[in-house]
Amino acid sequence: MKIIFLIYIFVITFGYYLQFLNLRHLKKYGDIVPKEFEGHIDAGLLKKTRDYTVEHNRFGFIESVLGNFLVMLFFFGGFLDIYNSWIMSSNVSFIVSGIIFFLVLSYAKTILSLPFDLYSTFKIENKYGFNTMTGKVWISDFLKSLVLSTLLITIMICAALFLIQASPDYWWFFVWLFFLLFSIFIMYISPYVIEPLFNKFTPIENEEMEGSIRDLMTRVGIKVRRVFKIDASKRSAHTNAYFTGIGKVKRIVLYDTLLQKLEKDEILSVLAHEAGHWKKKHLLKLLVITEILSFVGIYISYRLIKTEVLIRMFGIHTDTIFANILILGFIGGIVFFPFTPLFSYMARRHEKEADRFALEATGDSNPMASSLIKLSKDNLSNLHPHPVYASFYYSHPPVVQRIREIRGKG
């Protein structure tokens, strides 16, 4: 356990060091206007961008330090053993015990994160002109999210524990298969059941725009049932567009803020990029990789649980599969940390492929470049990330590099 503790300390310290590098790099170069942004951004907006990034990172650092302290206290300070024993003393059924075990932890995490979420939304986002959410909307979203997460956690825990009871030797395979099928099911129902709980979806009023979008999608060989806009502006001034659903329930969703801020050609270039993800099967590839890793991980977990090594290692007096799963999740986060730059690289590679696809589909690099410039300005994106930090964490190429490559290929 001491070795795991030391590795955990190294991991979080390394992560903080990367954040320090990123902020120091931003302070050093943050007042320099990149060539790609000349004429589009001034010193005042650069300063605002720098301040926004620094404030978010400093606040995130405080939240992270507190969270890591509580995690260390829970796993290495004996609180997991106390909590596990308390749950088992309730003398309820195996499945009910598991539901209580994981739901209470989920609620505790939600409660602890509440002050940080409120401060980030109503203090930082307000300060920089992004937050448009009222207290009423925030409370409504919070309650809906709480009910939805409770329902989903209960379903998954019930099913997993039932399979563990029903097949003690092969539960790892059946649990993996259930989670795979359940995640695909959620992808199908999300556009109709989950997403409308939080946003109002309406067909875009601009028939010319919708026609151009459909023409673009037909040209690249994608069948889309509907093109919608959502009332994102009632929560935030940030902009976005995305595809949702899979198979026959695919739909294009545009933020109303995006429709207000981008020109027609720019919107089409953004959607062409998203179409590139579909045509290059990035979602499918990600799903396959994730499920392969999950399959291997759950089998290794099954073997480790049978040895009882985790229970002994963390000093747990009552052997439960609940405590084992929690420990495995904690150790899994440490084990996969070194692979973060690899997954980030794969994601950036997919983004570059989608950019190339969009260039081929639209035949013009100018709308793509201008849309990225506008989105970066509107979202106060960091124009000067440290190269090491970006390589480790960024799922998209840094925006300046991305614009440079788009114009070079256009």
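The values are calculated or read from the model by the stated rules, or taken from the named source; none is laboratory data. All values reported here derive from a predicted model rather than from experimental measurement. For neighbour counting, all protein chains shown are included, and Cβ atoms are generated from backbone atoms with ideal geometry for every residue, glycine included.
The condition (being under 30 Å from D215 (Cβ atoms), at pLDDT below 90 and not β-branched (V, I, T)) is satisfied by just one residue among K279, K285: K279. The set of residues in segment 1-56 that are hydroxyl-bearing (S, T, Y) and buried (at least 17 other Cβ atoms within 10 Å of the Cβ) comprises Y8, T49, Y52, T53. Check whether at least one residue in segment 333-344 is part of a helix (DSSP H, G or I) and over 27 Å from H282 (Cβ atoms), and report yes or no. Yes, because at least one residue in segment 333-344 is part of a helix (DSSP H, G or I) and over 27 Å from H282 (Cβ atoms).
Given the structure, is L163 under 29 Å from L286 (Cβ atoms) and in contact (Cβ under 8 Å) with a residue 24 or more places away in the chain? Judged against the criteria, L163 is not a match.
Take the conditions (1) under 30 Å from F130 (Cβ atoms); (2) surrounded by 20 or more Cβ atoms within 10 Å (Cβ to Cβ); L326 misses just one of them, which is (1).
If you check F339 against the conditions, is it among the aromatic types (F, W, Y) and either over 29 Å from the mean Cα position of the chain (by Cα) or surrounded by 14 or more Cβ atoms within 10 Å (Cβ to Cβ) (or both)? Here the answer is no, as F339 does not meet what is asked. Residues considered: S365, S381, S294. Of these, the only one that is surrounded by fewer than 19 Cβ atoms within 10 Å (Cβ to Cβ), among the polar types (S, T, N, Q), farther than 25 Å from F162 by Cβ and touching a residue at least 24 places away in the same chain (Cβ under 8 Å) is S381. Among the residues of segment 173-224, those that are among the acidic types (D, E) and farther than 30 Å from I289 by Cα comprise E205, E207, E208, E210, D215. Scoring V137 on the criteria (1) at pLDDT below 95; (2) over 22 Å from I111 (Cβ atoms); (3) β-branched (V, I, T) leaves a single failure, condition (2).
Criterion first (more than 24 Å from V71 (Cβ to Cβ), of a type in the set (A, V, I, L, M) and out of contact with any helix residue (DSSP H, G or I) (no Cβ under 6 Å at 6 or more places or on another chain)) does A347 satisfy it? Yes: the conditions hold for A347. Kindly list the number of the only condition in (1) more than 30 Å from K377 (Cβ to Cβ); (2) assigned to a loop (DSSP other than H, G, I, E, B) that fails for G129. G129 satisfies every listed condition except (1).
Contact map, segment 7-28: first residue touching a residue at least 60 places away in the same chain (Cβ under 8 Å) and of a type in the set (S, T, Y), second residue surrounded by 14 or more Cβ atoms within 10 Å (Cβ to Cβ) and in a helix (DSSP H, G or I), Cβ cut-off under 7 Å, separation 6 or more or different chains; pairs are Y8/I334.
Among the numbered conditions (1) farther than 30 Å from K306 by Cβ; (2) of a type in the set (S, T, Y); (3) surrounded by fewer than 16 Cβ atoms within 10 Å (Cβ to Cβ), the only one that S183 does not meet is (1). The selection criterion, being touching a residue at least 40 places away in the same chain (Cβ under 8 Å), basic (K, R) and either over 28 Å from E274 (Cα atoms) or not in a helix (DSSP H, G or I) (or both), holds for K144.
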